[in-house]
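The values are calculated or read from the model by the stated rules, or taken from the named source; none is laboratory data. As the structure is a computational prediction, the values presented were derived from the model and not from experiment. Reconstructed Cβ throughout: ideal geometry from the backbone, glycine too, with neighbour counts over all protein chains shown. What goes into the accessible areas is simple: the full protein's heavy atoms, side chains included, and nothing from ligands, DNA or RNA. Shrake-Rupley method; radii C 1.70, N 1.55, O 1.52, S 1.80 Å.
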Amino acid sequence: MLTSLALILLLGFFGSAVAQKLHLPGLLGMLLVGILLGPSQLNLLSSSMLSISADLRQLALIIILTRAGLSLDLADLKRVGRPALLMCFVPACFEIFGMVLLAPRLLGISTLDAAIMGAVVAAVSPAVIVPRMIRLMDEGWGAEKSIPQLILAGASVDDVFVIVLFTAFTGMAQGGSFSPVALLSVPVSIVLGLAAGLGLGTGLARWLDRPALRLPVQVLLLLSLAFLLVEGENRLEGLIPFSGLLAVMGTGIGLQRRSKACAKALSGAFSTLWVGAEVILFVLVGAEVDVRYAAAAGAMAVITVLGALCFRAVGVCVCLLGSGFSPREKLFCILSYLPKATVQAAIGGVPLAMGLGCGEIVLTVAVIAILVTAPLGALGIELSYRTLLSRNGVSDAPEELPPEPTL
């Protein structure tokens, strides 16, 4: 396991550096390294490392969502208003609808199988989007209309909504029926998760903001409580709808509202943790990818994924009607809502493990969605934000901006 961890970190950093030298997002290099190291190619990662891959990926998500909460000001979201709420579920609904229309015709599957496939593919990747939106927030891009905050919050809630739909559709495929109660659990889990996190963060602010507690201790305490919140979701499953990851982000928001100085110091520490966590996350996501599945699916699967993305783009535009965003800002929101990676890697193989007839094709399309949209979305964000967004209300020419940070 230690050898595998060393390979992940060393080659992951190397792959990221090479990608950045080629003016590509670093995560693309990490994903490719993961594919090479994974079981489908060189098979250099130990079985013990792969057995805890899901836990390590979740750890990385906890780190970046905590960092997001420490940077997110609820006043900015209130200023955006209705579009912030709609971005949490409307684009995903449009993409699932697009998949239901396209997949039966292009891939020859049933409508229900297409709905399952749509639920797997529709979730955006917080691991790709959140760190980039945090950077834009720190640098002041889109600050006048709180565009990064809008995308960050929407991407975080989007996953909860999509996973509930995925559970409902797979239940129907196993012989059950669609339950409206499952849909009602979505807003409940969101509200309870955020409320629990905000309450915990508000209470923590007074306790953590003491000279006696050194910053490393504060970081470890906050991480430990975040782990317990995620475990709370597992323990409450079937009893009370509760989103552990949203509670983690809510804790950061509550702490930031009560003590901005403490939140700023913690945010810097979590940024440092993310340097290593990001490499582990994306290399392990790459290791889950089996290129043979993608190659076997052919062009039709790629066309299906791209077609569903067009429906998602329409959904984003619907959310932003009446928002006052310029066409350039709307285009940036569309590009930012493209990347998929972590959720697809986590649940793409579930239908196959459940023995559903659509399992193999769903996994194949999930793999293709990662390979196509993760670099496409990341590239879209990295190459467009200078042109499409204003910085602190003023549009800057690309040549006047500081160079892109390197790893």
Distance between modelled label sites at A75 and L239, nm, 7 Å Cα→Cβ extension:
3.9
If packing is taken as the average count of other Cβ atoms within 10 Å, what order do 270-281, 207-218 fall into, highest mean first?
270-281, 207-218
Binned at 5 Å from 0, what are the whole-percent values of the Cα-Cα distance distribution for region 28-174, short to long?
2, 9, 14, 15, 15, 16, 15, 9, 4, 1, 0
From the backbone phi of region 337-352, what are the Karplus-calculated ³J(HN,Hα) couplings (6.51 cos²θ - 1.76 cosθ + 1.60, θ = phi - 60°) in whole Hz, Gly and Pro given as x?
9, 8, x, 9, 6, 5, 5, 5, 5, 7, 10, x, x, 5, x, 5
How many nm separate the modelled label positions at F227 and E139, each set 7 Å beyond the Cα in the direction of the Cβ?
3.4
Lysine pairs in the chain with Cα distance under 19 Å, only those 8 or more apart or on different chains: how many are there?
4
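Taking square-rooted eigenvalues a ≥ b ≥ c of the alpha carbon gyration tensor, is the chain rounded, prolate or oblate, where a/c under 1.5 means rounded and, failing that, a/b exceeding b/c means prolate?
Taking the square roots of the gyration eigenvalues as a ≥ b ≥ c, the chain is rounded.
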How much FRET efficiency would the formula 1/(1 + (r/R0)^6) give for L2 and L321, where r is the Cβ-Cβ distance and R0 is 45 Å, rounded to 0.05?
0.25
Once both label points are put 7 Å beyond Cα along the C-beta direction, the L306-A212 separation in nm becomes 6.2
May I ask you to evaluate 6.51 cos²θ - 1.76 cosθ + 1.60, the Karplus curve with θ = phi - 60°, for each residue of region 15-24 and list the ³J(HN,Hα) values in order in whole Hz, giving x for glycine and proline?
x, 5, 5, 5, 4, 5, 4, 8, 6, 10
Using alpha carbon centers only, region 281-358 is separated from region 51-115 by a whole-angstrom value of 9
How long is the gain from Q174 to L220 if the chain were fully straight, where each residue apart is worth 0.36 nm and the alpha carbon distance is subtracted?
12.4 nm
For the T111, S384 Cβ pair and Förster radius 30 Å, calculated FRET efficiency rounded to 0.05 is 0.25
Step through the residues of region 194-199 one at a time and calculate ³J(HN,Hα) from phi using the Karplus curve (6.51 cos²θ - 1.76 cosθ + 1.60, θ = phi - 60°), rounding each to whole Hz and writing x for Gly and Pro.
5, 5, 4, x, 4, x
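Please calculate how many Å² of accessible area the chain carries per residue, with a 1.4 Å probe and no DNA, RNA or ligand atoms counted.
Ligands and nucleic acids excluded, the result is 42 Å² per residue.
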